[in-house]
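What follows is a set of notes on a single structure, which appears directly below.
The values are calculated or read from the model by the stated rules, or taken from the named source; none is laboratory data. Please read all numbers here as calculations on a predicted model, not as lab measurements. Ideal geometry is used to build each Cβ from the backbone, glycine not excepted, and the neighbour counts take in all protein chains shown. Remember, those area values only see protein heavy atoms, side chains included, never the ligands or the DNA or RNA. Shrake-Rupley method; radii C 1.70, N 1.55, O 1.52, S 1.80 Å.
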Amino acid sequence: MDVTKKRVAIIGAGPSGLTACKHALAKGFRPVIFEATDAVGGVWTRTLASTRLQTPAAAFRFSDFPWPAGVEDDEFPRHDQVAAYMAAYARRFGVLDCVRFGSRVLAAEFAGASEQEVAAWERWSGNGEAFGDGAGEWHLTVKHGESGETQYAFDFLILCVGRYGVAKHPKFPDEAGPEVFRGQVLHSMDYSRMPHADADELIRGKRVVVVGSGKSALDIVAQCAVANGSEYPCTMVYRNPNWAVDPNLTWGAFFEKLMTSRLAELMVHKPGEGLALSLLATVLSPIRLLIAKATETYYKALMPMRKHGMMPGHSFSAAMLGWRISVLPDRFYDMVVDAGIVLKRCDSFGFCTDGVVMDGTGERVVHADVVILSTGFDADRLLSGVFASPWFREILVAGPSDTMLPLYRRCVHPRIPQMAVVGYTESAASIYPYEMMAKWVAHLLDGAVRLPGVAAMEKSVAEWERWGKWAKRRSGGFFLKSCIASVTTWYHDQLCRDMGYSPRRKEGEGLLADWLQPYGPTDYAGI
C-alpha cells in the first residue's frame, strides 16, 4: 500500500486531533486537519483566565514530549501554559503544516456503498481494513472563513471533535425561563470563550449568579469573587455538589499514585474481564472501598464541606468510579467565609424579572444582573452533527445507551466504515489515553492492527456497555459517558496487544514495579 496516496482527514485540532495527526505522519500519511478556529489546542485556547489543569503536569502530557523547563511534575499548569505546550507539540512534529485554520466541516457523507450494503457486511469496511476495497470514500463539505462551501474527498476520516463544543441548556416551565429575566443570561461555554478583558467587564460590579457545581462553575464563581469581593458577592446555585478537593492537601498526590497502579485495577471490575478476574475483583473490592473511605474521611476532616452545605450526597468511592471529582480554586472556602461567595442549594430553579427563583417559590429569590449557566455540554450532539446520514447518527449516538459510545476499542464503530473517533473518553488525565487511541488508529491505518469480524467487534462493544451500566449503578448515577478512569490501564493493555506490544510497560523495572508503581504517559513512549 502506498500510504502517500491515501487521503486522511482529521476534524479538530485539539489535543486528540494533534496527536492523531502526529502518529499518522509517523506512519507516512499526510493528513489534513480541518480546524474551525484560528489556533491549535482546543478548549485550552478559549477558556477562563483563571483556569488550571485538574491533574499534575506529570500525568497530563504526551508520552514523548515533556513539559518545558520550569513546569514541575507536581504543578497544575495554567491554561496558557497548556495552550503553549500544545502548540509546541504541533510545531515539533510537523502537525502545524497539516492544519487548515478557519475551516468548519458542515457535513460528512460516506460514498461507495449503500447503507443496506454496509449494514450487511460481516467485516468492518467490507474487508476488515482501514481503507476497505478502495471504492469507498468520505465526502466533506467545508466552509473556509467567510467564503463559500468546498467539497473534498478522503479515504479515511478521523473525528477529533472533543466533548465541549455544544452547550447543554436546562428546560424551564412557561414564564420561568431566561426570557422573563431583564438581565443577561449566558452559558459557561460562551463566557469562557469571551476575551478575558470582556469577561472581566461583564462581571465587574455586577450581581452574578452561577448555576451548577462542576469545575467550570467553581472557577467562574471564584473569578467573580476575586473581581468583586463582598461588595457584589457571587452566588452559586446548585442541586448536588460534586467532590471538589483542595490540591494543596498532601494525601491527594499519594492517593492518585496509589489508585493508578495495576494492582488498584485488580480491585475493580473491568469490561470483558472473565470469571477469574471478576472473582478477584469481588474479593479485593473491600480494600478499594476502604482506601476510598479513608480518603473521604480525610477530606471531610480537613475541608469545611459540611459547614457550607457542599457535602456531596454520594461517596468518594462512587465519585472515583464515575469520575465526578474536581479541584477547588485557590482559597475557595476562604472567599465563602469572607462573603465574596454565597452558596445556595436547591432542588430546582427558574427565572423571574429580577433574578433566579429557587425551588419554584418566590420566597427564595436571588437577585442578579448576570446569570451564567454552568450546566454541562451535549457531547453526543457535537459528534452526531458531523454526519449527513441519519442512520450513522442513529447507530453512533442516538441509541438508548447513556453510559458508553458503541465503539470497538473506544475508536471504531463496527458498522461505520473507514472512520475512527479519537478523544471521546473521560479519565483522570485524558491526554495520554487520547494519544494511545491515536497510536492504535495509526497502526490500523498502516495495516498493523487486524480487526475481528463485525460480530466479534459488537460483542466487545456489548461487554463495555454492560460494564458501563454496572459502573453507573455503583456510582449512584454519577457516571460520565464513556468514562474509563477506573480501567485506564486495562484499556491500554488491550490497545497494546492489538498493536503487537507488550502491555507490561515496566518489565525492565521488575515485577513489583509493574504492579505497584503508577502507570502514566511515559510508560507508553516506545509505542
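Under the condition of being assigned to a loop (DSSP other than H, G, I, E, B) and among the charged types (D, E, K, R), which residue from the range 47-64 is most open to solvent (accessible area, probe 1.4 Å)? Break it down into steps so the answer makes sense when it comes.
Going through the range 47-64, the residues assigned to a loop (DSSP other than H, G, I, E, B) turn out to be 47-51, 53-61, 63-64.
Filter again for among the charged types (D, E, K, R), leaving 61, 64.
Numbers: Arg61: 36, Asp64: 58 Å².
Restricting to residues being assigned to a loop (DSSP other than H, G, I, E, B) and among the charged types (D, E, K, R), the top hit is Asp64.
Starting from residues that are among the aliphatic types (A, V, I, L, M) and part of a helix (DSSP H, G or I), keep the ones in the range 86-123 and report whichever is nearest to the chain's Cα centre (by Cα). Let's see the steps before the verdict.
Applying the first criterion (among the aliphatic types (A, V, I, L, M)) to the range 86-123 yields 86-88, 90, 95-96, 99, 105-108, 111, 113, 118-120.
Those left that are additionally part of a helix (DSSP H, G or I): 86-88, 90, 96, 118-120.
Numbers: Met86: 16, Ala87: 19, Ala88: 22, Ala90: 20, Leu96: 23, Val118: 30, Ala119: 30, Ala120: 33 Å.
So, considering only residues that are among the aliphatic types (A, V, I, L, M) and part of a helix (DSSP H, G or I), the one nearest to the chain's Cα centre (by Cα) is Met86.
Can you confirm whether the range 487-496 contains a residue that is open to solvent by 10 Å² or more (accessible area, probe 1.4 Å) and modelled with pLDDT under 90?
Checking the range 487-496: not a single residue is open to solvent by 10 Å² or more (accessible area, probe 1.4 Å) and modelled with pLDDT under 90.
Identify, from the list Glu463, Glu458, the residue that is within 22 Å of the chain's Cα centre (by Cα) and at pLDDT 95 or above.
Working: Glu458 fails: within 22 Å of the chain's Cα centre (by Cα).
Exactly one of Glu463, Glu458 is within 22 Å of the chain's Cα centre (by Cα) and at pLDDT 95 or above, namely Glu463.
List the number of the failed condition for Thr295; all other conditions in (1) assigned to a helix (DSSP H, G or I); (2) under 20 Å from Gly183 (Cβ atoms) hold.
Condition (2) is where Thr295 drops out.
Of the residues His269, His314, His308, which is of a type outside the set (A, V, I, L, M), open to solvent by less than 70 Å² (accessible area, probe 1.4 Å) and more than 28 Å from the chain's Cα centre (by Cα)? Outline the logic, then answer.
Details: His269 fails: more than 28 Å from the chain's Cα centre (by Cα); His314 fails: more than 28 Å from the chain's Cα centre (by Cα).
His308 is the lone residue from the list that is of a type outside the set (A, V, I, L, M), open to solvent by less than 70 Å² (accessible area, probe 1.4 Å) and more than 28 Å from the chain's Cα centre (by Cα).
Can you spot a residue in the range 166-175 that is out of contact with any Gly (no Cβ under 7 Å at 6 or more places or on another chain), modelled with pLDDT of 95 or more and open to solvent by 30 Å² or more (accessible area, probe 1.4 Å)?
Residues of the range 166-175 out of contact with any Gly (no Cβ under 7 Å at 6 or more places or on another chain): 166-167, 169-171, 174-175.
Narrowing further to those that are modelled with pLDDT of 95 or more: none.
Checking the range 166-175: not a single residue is out of contact with any Gly (no Cβ under 7 Å at 6 or more places or on another chain), modelled with pLDDT of 95 or more and open to solvent by 30 Å² or more (accessible area, probe 1.4 Å).
Please verify whether Leu159 is aliphatic (A, V, I, L, M), crowded, with 17+ Cβ neighbours inside 10 Å, under 27 Å from Tyr232 (Cα atoms) and in contact with a strand residue (DSSP E or B) (Cβ under 7 Å, 6 or more places away or on another chain), treating the condition exactly as stated.
Details: aliphatic (A, V, I, L, M): yes; crowded, with 17+ Cβ neighbours inside 10 Å: yes; under 27 Å from Tyr232 (Cα atoms): no; in contact with a strand residue (DSSP E or B) (Cβ under 7 Å, 6 or more places away or on another chain): yes.
No.
Working only within the range 48-86, note down all residues that are touching a Lys or Arg at 6+ places or on another chain (Cβ under 8 Å) and farther than 20 Å from Tyr519 by Cα.
Answer for the range 48-86, where residues must be touching a Lys or Arg at 6+ places or on another chain (Cβ under 8 Å) and farther than 20 Å from Tyr519 by Cα: Thr51, Arg52, Pro77, Arg78, His79, Tyr85.
Taking the range 145-160 as the region of interest, how many residues are of a type outside the set (Phe, Trp, Tyr) and at pLDDT 95 or above? Steps first, answer last, please.
Of all residues in the range 145-160, those of a type outside the set (Phe, Trp, Tyr) come to 145-151, 153, 155, 157-160.
Then keep just the ones that are at pLDDT 95 or above; that gives 150-151, 153, 155, 157-160.
Residues that pass the stated criteria total 8.
Identify all residues within the range 344-394 that are small (Gly, Ala, Ser) and within 24 Å of Tyr191 (Cα to Cα); write none if there are none.
Step one: filter the range 344-394 for residues small (Gly, Ala, Ser), giving 348, 350, 355, 360, 362, 368, 374, 376, 379, 384-385, 388-389.
Matches in the range 344-394: Ser348, Gly350, Gly355, Ala368, Ser374, Gly376, Ala379, Gly385.
Would you mind finding the one in Tyr89, Tyr85 that is crowded, with 19+ Cβ neighbours inside 10 Å, free of Cβ contacts under 8 Å to residues at least 40 places away in the same chain and more than 16 Å from Arg7 (Cβ to Cβ)? If you could, list the steps in order and put the result at the bottom.
Working: Tyr89 fails: free of Cβ contacts under 8 Å to residues at least 40 places away in the same chain.
From the options Tyr89, Tyr85, the qualifying one is Tyr85.
If Ser147 satisfies every condition in (1) of a type in the set (S, T, N, Q); (2) part of a loop (DSSP other than H, G, I, E, B); (3) touching a residue at least 24 places away in the same chain (Cβ under 8 Å); (4) closer than 24 Å to Ile10 by Cα but one, which is the exception?
So Ser147 meets the others, but not (3).
Could you check how many residues of the range 1-23 are farther than 13 Å from Val99 by Cβ and of a type in the set (Gly, Ala, Ser)?
Residues of the range 1-23 that are farther than 13 Å from Val99 by Cβ, as a first pass: 1-8, 15-16, 19, 23.
Now restrict to residues that are of a type in the set (Gly, Ala, Ser): 16.
Final tally of qualifying residues: 1.
Is it the case that some residue within the range 225-234 is among the charged types (D, E, K, R), out of contact with any Leu (no Cβ under 7 Å at 6 or more places or on another chain), touching a residue at least 40 places away in the same chain (Cβ under 8 Å) and open to solvent by 20 Å² or more (accessible area, probe 1.4 Å)? Quick ask: steps written out before the conclusion?
Applying the first criterion (among the charged types (D, E, K, R)) to the range 225-234 yields 231.
In the following step, the residues that additionally are out of contact with any Leu (no Cβ under 7 Å at 6 or more places or on another chain) were identified as 231.
Then keep just the ones that are touching a residue at least 40 places away in the same chain (Cβ under 8 Å); that gives none.
The answer is no, given that none of the residues of the range 225-234 is among the charged types (D, E, K, R), out of contact with any Leu (no Cβ under 7 Å at 6 or more places or on another chain), touching a residue at least 40 places away in the same chain (Cβ under 8 Å) and open to solvent by 20 Å² or more (accessible area, probe 1.4 Å).
Go through the range 337-352 and give me each residue that's open to solvent by less than 20 Å² (accessible area, probe 1.4 Å) and either under 18 Å from Gly309 (Cβ atoms) or without any contact (Cβ under 8 Å) to a residue 60 or more places away in the chain (or both).
The initial filter retains those residues of the range 337-352 that are open to solvent by less than 20 Å² (accessible area, probe 1.4 Å), namely 340-341, 346, 350-351.
Across the range 337-352, the qualifying residues are Gly340, Ile341, Cys346.
Select, from Gly126, Gly134, Gly70, the only residue that is free of Cβ contacts under 8 Å to residues at least 24 places away in the same chain and closer than 30 Å to Trp391 by Cβ. Break it down stepwise before answering.
Working: Gly126 fails: free of Cβ contacts under 8 Å to residues at least 24 places away in the same chain; Gly70 fails: closer than 30 Å to Trp391 by Cβ.
After applying the criteria, what remains is Gly134.
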